[in-house]
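Engineer: Let me give you the structure first, and then I'll get to my questions.
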Amino acid sequence: MASSSIDRRRFLILAGSGTVAALLASSCGNSSTSPVEANDATVARLEQQRRKSGARSVERQLVAAPTTVDLAGRKIATWAYGDTIPGPELRAKVGDILRVQLTNQLPEPTTIHWHGIAIRNDMDGVHDLTQPTISPGAVFTYEFALANAGTYFFHPHTALQLDRGLYAPLIVEDPNDPVTADVDQVLVIDDWLDGIDGATPEKKLTDLRQRGGMGGMGGMNGGTPASNAGAMSGMSSNLLGGDAGDIDYPLHLINGRPPADPATVTVASRARVRLRIINAASDTAYRFAVGGHRLTITHTDGFPIRPIEVDTLLIGMGERYDVIVTALSGVWPIVAAAEGKNTIAAGVLRTTDATASAAPSPDARPTELDGQLLHYSDLVPAESVTLDARRVDRTHRIDLTGDMMSYTWGIDGKSYPKSSPLNVADGERVRLEIRNKSMMWHPIHLHGHSFALSEGGARKDTVNVLPGETRTVELDADNPGQWMLHCHNTYHLEQGMATIMSYRR
Ligand SMILES: [Cu+2]
């Protein structure tokens with residue numbers, strides 16, 4: 001209570017003394033601080049600092065609209081960017097200014113969130129927080145500097161639109177990238193239900209609300225309650241600490257194609273292939289492997305790590321990994337096994353000297369999937385991106401809460417927008433302790449920043465938190481504005497597992 005009487009002048013004096021962090025931490029809603037909004041002058045000033053003189057401008061047009069896609073011969077009605085899934089790949093170089101004019105031809109409002117980009121706050125695409133929604137028929141131009149190289153993607157931050165076909169890669173190349181490759185190939189993985197036997201994400205959410213996690217089973221793949229005993233959803237994984245997901249999707253896609261009509265990457269024998277793996281799914285983690293090959297992991301969530309070789313990796317929704325594969329002569333399965341869901345997404349790696357008729361079986365499960373697995377503790381950041389050791393100015397502890405029966409999800413027992421914001425101030429080192437008190441894993445994503453994992457120190461913007469687990473991350477609050485911190489399960493986000501990291505002054 002005492003803190004609410006502090007006037008602005010006294011606050012500024014305190015701000016220089018180091019006492020302010022403790023004060024603010026205990027004064028949620030403190031009337032003497034005000035939020036640094038997306039339209040604040042400091043946001044525009046920082047963007048100017050990101051723009052180097054002579055920076056190249058990359059301009060693109062994008063249309064979000066209903067369309068029909070071909071999934072192994074089935075014509076499926078959905079929503080997409082530019083008639084394809086994924087949408088058109090955007091590629092630019094670090095330092096470029098990206099200008100994307102979005103035309104909304106969807107029957108409902110939309111926005112675009114540029115996932116992982118340390119973006120200016122007013123271009124972050126969170127409706128009613130950083131911009132109003134873009135109405136049907138309206139046009140909005142996103143424009144921002146690309147401060148960091150890496151593998152990113154973009155998608156709506158509106159309702160359940162991400163679980164349709166509205167997603168696409170955004171690749172920011174670094175001309176001085178120490179990782180070289182002969183081929184640079186993006187692989188976007190997605191779980192798919194839209195338009196299959198009349199399903200839509202909205203109907204699925206209604207189902208989940210009515211029947212809890214049970215709504216995810218039994219429908220499309222004919223699961224029975226008996227076969228699903230033991231886990232609410234019937235889909236369980238030791239790697240994910242229990243329930244793997246809420247929805248048993250009928251299809252899993254790599255680059256918009258199901259295993260029956262796989263995406264094929266054709267390269268010369270011995271080519272060094274950089275695979276940029278993006279999990280754009282809504283409710284599925286994938287175990288990724290390439291048959292007959294080891295994977296050299298070079299980046300996670302866009303940021304470089306000390307390269308490490310493994311057989312397989314687990315990728316949660318919103319996470320990205322860059323890996324190098326040296327292609328052996330032949331035809332090899334690229335597999336993203338839907339973790340805990342007993343089905344796969346698949347593609348093909350083919351060398352130009354391979355027999356034309358050779359093809360892996362569409363349901364091939366390479367032994368690498370059960371080989372050496374990448375762990376977060378294996379991820380050591382490259383020196384250039386290691387967060388310097390520094391005293392923590394402020395710690396926020398949050399609990400991930402909710403349950404499958406009521407199908408409500410939240411943070412500290414409150415669903416967004418009722419959840420309490422996490423106040424920070426520009427320039428602080430912030431520690432987040434994220435404790436999962438629910439019975440299901442959650443991939444937690446922070447907008448506008450990358451954080452360092454306490455374990456190993458890798459820079460990421462999305463981290464999987466298993467049931468009962470606490471993940472601690474640290475970040476430098478260096479991008480003023482209002483930023484979402486949320487679960488990247490599309491349905492959990494829609495049900496409120498979100499809060500705001502709120503810059504205050
Ligand atoms: Cu979640």
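The values are calculated or read from the model by the stated rules, or taken from the named source; none is laboratory data. Computed from a predicted structure; not experimentally measured. Positions of Cβ are generated from backbone atoms using ideal geometry, with glycine treated the same way; all protein chains shown enter the neighbour counts. These area figures cover heavy atoms from the full protein model, side chains too; ligands, DNA and RNA do not enter into them. Shrake-Rupley method; radii C 1.70, N 1.55, O 1.52, S 1.80 Å.
Engineer: Which ³J(HN,Hα) values in Hz, rounded to whole numbers, follow from the phi angles of segment 448-455 under the Karplus curve 6.51 cos²θ - 1.76 cosθ + 1.60, where θ = phi - 60° and Gly and Pro get x?
Structural biologist: Residue by residue, segment 448-455 yields x, 9, 10, 10, 9, 5, 4, 8 Hz.
Engineer: With all protein chains present, how much of the accessible area of segment 52-173 (probe radius 1.4 Å) comes from carbon and sulfur, to the nearest whole percent?
Structural biologist: Summing carbon and sulfur atoms, their accessible area is 50 percent of the total for segment 52-173.
Engineer: Which of the pairs LYS52/LYS418; LYS204/LYS437; LYS414/LYS460; LYS75/LYS341; LYS75/LYS437; LYS93/LYS460 have their Cα atoms more than 30 Å apart in this structure?
Structural biologist: Pairs exceeding the cut-off: LYS52/LYS418; LYS75/LYS437.
Engineer: Where the accessible area of segment 178-374 is counted over protein heavy atoms with a 1.4 Å probe, how much of it, in %, is carbon and sulfur?
Structural biologist: Within segment 178-374, the accessible surface is 49 percent carbon and sulfur.
Engineer: While we're here: By the scheme Lys and Arg +1, Asp and Glu -1, what is the net charge of all other residues having a beta-carbon under 15 Å from that of THR351?
Structural biologist: Surrounding charge for THR351 is +1.
Engineer: If you take the C-alpha gyration tensor of segment 234-286, multiply each eigenvalue by 5 and take the square root, what semi-axes do you get, largest first, in whole Å?
Structural biologist: 28, 15, 9
Engineer: Report the paramagnetic label zone for ASP426: residues of segment 478-495 whose backbone N is under 14 Å from a point 7 Å from Cα along the Cα-to-Cβ axis.
Structural biologist: 478-482
Engineer: Measure off, as a whole percent, the carbon and sulfur share of the 1.4 Å-probe accessible area of segment 386-505, all protein chains present. Can you show the working numbers first?
Structural biologist: On the way: 1910 of 3980 Å².
That share works out to 48 percent.
Engineer: Points 7 angstrom from Cα along the Cβ direction at GLU202 and THR266: gap in nanometres?
Structural biologist: Label at GLU202, label at THR266, 4.2 nm between them.
Engineer: Follow-up question, since we're still on this one. Per residue, how much accessible area does the chain show when a 1.4 Å probe rolls over the protein heavy atoms, in square angstrom?
Structural biologist: Spelled out: the 1.4 Å probe surface of the chain, per residue, equals 38 Å².
Engineer: At 0.36 nm per residue, and after removing the present C-alpha to C-alpha distance, how many nm does the segment from THR395 to LYS414 gain when stretched out fully?
Structural biologist: 4.9 nm
Engineer: Moving to a separate point now. For segment 388-505, what is the Kirkwood estimate of the hydrodynamic radius, computed as the reciprocal of the mean inverse distance between distinct Cα atoms, to one decimal in Å?
Structural biologist: For segment 388-505, the Kirkwood estimate is 14.1 Å.
Engineer: Using alpha carbon coordinates only, what is the Rg to Rh ratio of segment 326-429, with Rh defined as the Kirkwood radius?
Structural biologist: Taking Rh as the inverse mean 1/r over Cα pairs, Rg/Rh reads 1.17.
Engineer: If you count, for each residue, the other Cβ atoms within 10 Å and average over each peptide, how do 43-50, 260-267 line up from highest to lowest?
Structural biologist: Top of the packing list down: 260-267, 43-50.
Engineer: What ratio of Cα Rg to 2.2 N^0.38 Å holds for the chain?
Structural biologist: Rg over 2.2 N^0.38 Å, computed on Cα atoms: 0.95.
Engineer: Dividing the alpha-carbon Rg of segment 67-193 by 2.2 N^0.38 Å yields what?
Structural biologist: Cα Rg divided by the expected 2.2 N^0.38 Å: 1.11.
Engineer: Follow-up. Using only C-alpha positions, report the orientation-averaged shadow area of the convex hull of segment 77-135, nm², one decimal. Working shown, then result.
Structural biologist: Details: hull surface 19.5 nm².
Here the figure is 4.9 nm², rounded to one decimal.
Engineer: What distance in nm lies between label points placed 7 Å from Cα along the C-beta direction at SER357 and ASP128?
Structural biologist: 6.1 nm
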